[in-house]
Every structure is written in structure tokens, then in C-alpha cells.
Amino acid sequence: MKTITCRQLGGPCDLQHRGETGDEVIQAQDKHLKEMEAAGDAAHQPARDDMKARWLHPKRSLGWYRDTKRAFDELPED
Ligand SMILES: [Zn+2]
């Protein structure tokens, strides 16, 4: 199990996501960003818009996924 923060995933806060894989924490961050948008949190809006753009342009966004998963793989187990 590893821990990564909202900030490490491009967001503005220090909420921690725990997971076994990069995909798992990316999904958790996506959910968190949706919830913050629904709550009207302006600080998370740019990160939410970036994430939306990634779903719309998956090919263009491959680099981000690869870099994020690599960064997650390099985190220490906790
Ligand atoms: Zn956050």
C-alpha cells in the first residue's frame, strides 16, 4: 500500500489517497476532484478541468498517465 496526495496528482490540497496501483489512486483523485467541484471548491477547479480534458483526449494525455504511474511506482511502500 502506498500513499499519494492530491497535490502530488496536480491538485491543491494535501488529502491522501492510498492504493496499490497508480490507476487506483488516479481514480480516487478523479472522484475527489468531482466531489470538490460539486461542493463548489474553486481551488480544485483547474485540476478538475485538467482531469476532464485528459478523459476527452486520452492519447494526448498518455504522457501524464505514464509519468504519474511512474511517480507512484517510485514511492516507498508504507
Ligand atoms: Zn484535493
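The values are calculated or read from the model by the stated rules, or taken from the named source; none is laboratory data. Fair warning: this is a prediction, and the values are worked out from it, not measured in the lab. Because the Cβ atoms are built from the backbone with ideal geometry, glycine has one as well, and the counts that use them run over all protein chains shown.
Of ARG60, ARG66, ARG48, ARG70, which residue is basic (Lys, Arg) and modelled with pLDDT under 95?
Criteria check complete, one pass: ARG60.
Exactly one of these conditions fails for ALA38: (1) in contact with a strand residue (DSSP E or B) (Cβ under 8 Å, 6 or more places away or on another chain); (2) exposed (fewer than 15 other Cβ atoms within 10 Å of the Cβ); (3) aliphatic (A, V, I, L, M). Give me its number.
Of the numbered conditions (1) in contact with a strand residue (DSSP E or B) (Cβ under 8 Å, 6 or more places away or on another chain); (2) exposed (fewer than 15 other Cβ atoms within 10 Å of the Cβ); (3) aliphatic (A, V, I, L, M), the odd one out for ALA38 is (1).
Quick check on my filter: what residues within region 27-44 are more than 21 Å from GLN16 (Cβ to Cβ) and assigned to a helix (DSSP H, G or I)?
The answer is ALA42, and nothing else.
Here are some conditions: (1) more than 14 Å from the ligand (Cβ to nearest atom); (2) surrounded by 12 or more Cβ atoms within 10 Å (Cβ to Cβ). LEU15 meets all but one. Which one does it not meet?
LEU15 satisfies every listed condition except (1).
If we scan region 57-78, do we find a residue that is within 13 Å of the ligand (Cβ to nearest atom), more than 13 Å from the chain's Cα centre (by Cα), part of a loop (DSSP other than H, G, I, E, B) and of a type in the set (A, V, I, L, M)?
Within region 57-78, none of the residues are within 13 Å of the ligand (Cβ to nearest atom), more than 13 Å from the chain's Cα centre (by Cα), part of a loop (DSSP other than H, G, I, E, B) and of a type in the set (A, V, I, L, M).
Of everything in region 1-12, what is in a loop (DSSP other than H, G, I, E, B), within 10 Å of the ligand (Cβ to nearest atom) and of a type in the set (A, V, I, L, M, F, W, C)? Give them in sequence order.
Scanning region 1-12 gives a single hit, CYS6.
Of all residues in region 18-48, which are of a type in the set (Asp, Glu) and either more than 14 Å from the ligand (Cβ to nearest atom) or in contact with a Phe, Trp or Tyr (Cβ under 7 Å, 6 or more places away or on another chain) (or both)?
If the condition is that a residue be of a type in the set (Asp, Glu) and either more than 14 Å from the ligand (Cβ to nearest atom) or in contact with a Phe, Trp or Tyr (Cβ under 7 Å, 6 or more places away or on another chain) (or both), then GLU20, ASP23, GLU24 are the ones that fit.
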